[in-house]
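The values are calculated or read from the model by the stated rules, or taken from the named source; none is laboratory data. What you see is a predicted model, and the numbers here were worked out from it, not measured in a lab. So basically every Cβ, Gly included, is an ideal-geometry build from the backbone, and we count neighbours across all protein chains shown. These area figures cover heavy atoms from the full protein model, side chains too; ligands, DNA and RNA do not enter into them. Shrake-Rupley method; radii C 1.70, N 1.55, O 1.52, S 1.80 Å.
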Amino acid sequence: MSIEMAKLFNGEIISGDSMQVYKGMDIGTAKIKREETEGIPHYLLDIKEPDEPFSAAEFQERANACIEDIQSRGKLPIIVGGTGLYIQSVIYDYQFSEAPSDPVYREGLEKQVRESGIDPVFEQLRSVDPESANRIHPNNVRRVIRALEIFHCTGKTMSEQLNEQPTELKYDTCIIGLTMEREKLYQRIDQRVDVMVEQGLIQEVESFHEKGLRDCQSIQAIGYKEIYDYFDGRASLDEAVETLKQNSRRYAKRQLTWFRNKMDVIWFDMTDLEGFPKKIHEISGFIAGKLFSEGEYINLERKEED
């Protein structure tokens, strides 16, 4: 859908996915292939090594630079992807300040995780900041600990600090969301995981495992941490794949909840995929109504028909 909109509206695409920034993480993140782009430029893909950190603040800086560049050439910037906080940080112009840290406190939590697992530490987060606990996956140890560290140092939860961010849009923004009947969505998620495995997901993850990549942000991604359990002997391959499907379904649910509660999204139901051409017309018409005058929209309809 994003490719179709880019072709219709002279657009270029900025990836809004926090994991597609990593080189080599192609299958597990469903990164678009070069031949699938149909010549539409894509930005913020493959910009980091797998052992490098990446944050919402860095995404904001890079995305704003892309937006300025795209607009300077008379084209329409289109952010595509589902990392809600990253997208919010750009369109609402979040102000990021370096939160204080306490290395001794952080090391104590890291030691607790090593000795007792993540569950007790995650329950601490749930007790002080349930909103962040609902947003952060328990396996993302770094972010769980960071959320607790922020509360420890400031007396404010990460969620409270996010809720204090600006609520006025920085850009004239149109936010489109694609949705689907829950049962069919979950079936498609399961099918997508099976396709990923067929395409070589296990081998892709194995290459990172063999390089000794551990305790870094990239490996916490869904699709990688589950297969790591297989290579580390904590699960059979079938169990790891099933856990991947389960975690993907849960993430989809959290994504939908986030965007429905946090952002002014216009939703379009994609359950009937055979009606895709009709949806293209419906969505493009909505976008055109925000961008163009009536005469310009008529010309766009002719272009779409062509």
Using 10 Å bins from zero, what percent of all Cα-Cα pairs in region 117-240 falls into each bin? 11, 27, 30, 26, 5, 0
Over region 166-306, what per residue volume does the convex hull of the Cα atoms give, in whole Å³? 175 Å³
Going 7 Å from the Cα of Ser101 toward and past its Cβ, which residues in region 122-136 have a backbone nitrogen under 15 Å from where you end up? none
With Cα atoms, 0 to 90° folded angle of helix 294-305 axis to the chain main axis: 80 degrees
Scattering from the C-alpha atoms of region 47-200 alone, worked out with Debye: what is log10 I(q)/I(0) at q = 0.21 1/Å? -1.32
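Working out 0.36 nm times the residue gap between Glu35 and Arg250, then minus their Cα-Cα distance, what length gain in nm do you get to one decimal?
Numbers: separation 215, 0.36 × 215 = 77.40 nm, distance 3.04 nm.
Roughly 74.4 nm would be gained on extension.
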Quick one: which residues, 5+ away or cross-chain, put their amide H under 5 Å from the amide H of Glu12? H built at 1.01 Å from N. Leu76, Ile78
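At a 1.4 Å probe, what is the % contribution of carbon and sulfur to the accessible area of the chain? Intermediate results must be reported in sequence, preceding the final value.
Working: 7910 of 16630 Å².
Whole-percent figure for carbon plus sulfur exposure: 48.
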Out of residues 5 or more away from Lys170 or on other chains, whose amide H comes under 5 Å of its own, with H placed 1.01 Å from N in the peptide plane? Tyr92, Asp93
Which ³J(HN,Hα) values in Hz, rounded to whole numbers, follow from the phi angles of region 114-125 under the Karplus curve 6.51 cos²θ - 1.76 cosθ + 1.60, where θ = phi - 60° and Gly and Pro get x? 4, 8, 10, x, 7, 4, x, 5, 5, 5, 4, 5
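By the scheme Lys and Arg +1, Asp and Glu -1, what is the net charge of all other residues having a beta-carbon under 9 Å from that of Ser218? Each step should come with its number before you reach the end.
On the way: positive: Lys48; negative: Glu49, Asp51, Glu52.
Residues near Ser218 contribute -2 overall.
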If you wrap a convex hull around the Cα atoms of region 189-233, how much volume per residue is inside, in Å³? 69 Å³
Expected vector for region 262-277, Karplus 3J(HN,Hα) from phi with 6.51, -1.76, 1.60 and θ = phi - 60°, integer Hz, x for Gly and Pro, equals 10, 9, 8, 9, 9, 9, 10, 7, 10, 4, 8, 5, 5, x, 4, x
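Taking the solvent-accessible surface of protein heavy atoms with a 1.4 Å probe, what is the per residue accessible area of the chain in Å²? Intermediate results must be reported in sequence, preceding the final value.
Details: 16630 Å² over 306 residues.
Computed with neighbouring chains in place, this is 54 Å² per residue.
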With a sphere of radius 13 Å drawn around the Cβ of Glu49, what net charge do the other residues whose Cβ falls strictly inside it have (Lys, Arg +1; Asp, Glu -1)? 0
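Tell me which trypsin sites (Lys or Arg not before Pro) from region 65-149 have a DSSP coil assignment and no more than 14 other beta carbons within 10 Å of their own.
Numbers: sites: Arg73, Lys75, Arg106, Lys111, Arg114, Arg126, Arg135, Arg142, Arg143, Arg146; in loops: Arg73, Lys75.
Answer by residue number: Arg73.
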Expected unfolding gain across Tyr171-Asp232 under the 0.36 nm per residue rule, minus the alpha-carbon gap, is 17.4 nm
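With Rg and the Kirkwood Rh both taken from Cα atoms, where does Rg over Rh land for region 12-61?
Taking Rh as the inverse mean 1/r over Cα pairs, Rg/Rh reads 0.96.
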Relative to the chain, whose Cα atoms define the longest principal axis, helix 56-72 and its Cα axis are tilted in degrees, nearest 10, by 20 degrees
For the pair Arg260/Gln112, report the inter-label distance in nm, with labels modelled 7 Å from Cα in the Cβ direction. 3.3 nm
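With the cut-off at 24 Å, tell me which of the pairs Lys225/Lys245; Lys33/Lys245; Lys31/Lys253; Lys23/Lys253; Lys184/Lys279; Lys23/Lys290 have Cα atoms farther apart than that. Please list the in-between numbers first.
Numbers: Lys225/Lys245 12 Å; Lys33/Lys245 22 Å; Lys31/Lys253 21 Å; Lys23/Lys253 27 Å; Lys184/Lys279 18 Å; Lys23/Lys290 36 Å.
Those over the limit are Lys23/Lys253; Lys23/Lys290.
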